[in-house]
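Undergrad: Attaching a single structure in structure tokens format; questions to follow.
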Amino acid sequence: MTQNPNERIGWAENEMKARWPHTYSYLLQFEEVLRRRSGYKKYFDPNRDPFWTIYNVNQNSLAPYKVMWRQMIGTIKAAVTGPIDDNYLGVKTPVTQHVVSFVSFCDLEEAHYFCALMNTSMVNLISLTCFTGKSFGTPGFMNYVSIPKADFSISEHCDLARLSKHAHTAMADSKTKESLLHLESAIDQVAADLWGISDKELAAIQQSLKELQ
């Protein structure tokens, strides 16, 4: 990646030349195009910052685990991502496009706990009733969702992380889609207990969500 995540700007030109000369030569072919980018002109100084600088790329972008979901889609379908061991590149961390929102984590258990709550009927009902069009799934959505900090001394937090792991496994296996539905229902129930939502209220939320979808 051409970005220095600690400094939040592109690697300095002298360092790029010395450490990655082929990458530097490649980027030079697109200098004019890269300098015309609106984000580059708005957030950076063309006279000081390398033209390959990328806006809003930092240490969070390179966190080992992320919970990601697509924007501009009413239903939140979050997934946990982790390092990928590529045959040619080695172990690398996935970096998203701008139409994907994510929350970064250093701990896999915490990521699955968070992911479970993001996939609940409660969170999806908020998404479908409070947002429209391009505002679906943007980072500002998190201002409407109250997710307690993970504490694995609390049984519900442990259960949610465990159920999320099982759901990811079930999602990857086309033969276990029915199992996935049971897991989603179980996640809803545990989340309702965590948030103090009664069985009657949960049923009403699930019914409202079904009608909206």
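Taken together, the values in this text are just the output of simple stated rules run on the coordinates, not laboratory data. For clarity, every value in this text was computed on a predicted model and none was experimentally measured. Please note: Cβ atoms are built from the backbone with ideal geometry, for glycine as well, and neighbour counts cover all protein chains shown.
Undergrad: Ranked by Cβ crowding within 10 angstrom, fewest neighbours first, how are Thr2, Thr23 ordered?
TA: Ordered from fewest to most neighbouring Cβ atoms within 10 Å, Thr2, Thr23 come out as Thr23, Thr2.
Undergrad: What does the charge dipole of the stretch 55-197 about its Cα centre add up to, to the nearest 20 debye, if the Cβ of each Lys and Arg holds +1 and the Cβ of each Asp and Glu holds -1?
TA: Dipole size: approximately 520 debye.
Undergrad: Now a separate question. So what's the angle, to the nearest 10 degrees on a 0 to 90 scale, between helix 155-172 and the longest Cα principal axis of the chain?
TA: 70 degrees
Undergrad: Now for a different question. Between Thr96 and Ala203, what is the label-to-label distance in nm when each label sits 7 Å out along the Cα-to-Cβ direction?
TA: 3.6 nm
Undergrad: How far is helix 108-118 tilted, in degrees, relative to the longest principal axis of the Cα atoms in the chain, given as a value from 0 to 90 rounded to the nearest 10?
TA: Value to nearest ten degrees: 60.
Undergrad: With the contact rule set at Cα under 8 Å and sequence spacing of 6 or more, what percent relative contact order holds for the chain?
TA: In percent, rounded to a whole number, it is 17.
Undergrad: For the stretch 107-212, what does the alpha-carbon gyration tensor say about shape, rounded, prolate or oblate, given a ≥ b ≥ c as the root eigenvalues, a/c under 1.5 as rounded, and a/b over b/c as prolate?
TA: rounded
Undergrad: Taking 0.36 nm per residue of sequence separation and subtracting the Cα-Cα distance, how much length would be gained by fully extending the chain between Ser179 and Phe152, in nm to one decimal?
TA: Contour length minus Cα-Cα distance gives 7.2 nm.
Undergrad: Right, another one. Of Val57, Val91, Val100, Val80, how do they rank once you tally other Cβ atoms within 10 Å and put the fewest first?
TA: Val91, Val100, Val57, Val80
Undergrad: Once you sort the root eigenvalues of the Cα gyration tensor of the stretch 3-43 as a ≥ b ≥ c, which label holds: rounded (a/c under 1.5), prolate (a/b larger than b/c) or oblate (the other case)?
TA: Here the stretch 3-43 falls in the oblate category.
Undergrad: In what sequence do Cys158, Cys106 fall when counting other Cβ within 10 Å, fewest first?
TA: Starting with the residue having the fewest Cβ neighbours, the order is Cys106, Cys158.
Undergrad: Specify the residue with the greatest mean-square fluctuation among Asn119, Asn58, Asn143, computed from a Gaussian network of the chain linking alpha-carbon atoms under 10 Å apart.
TA: The residue that fluctuates most here is Asn143.
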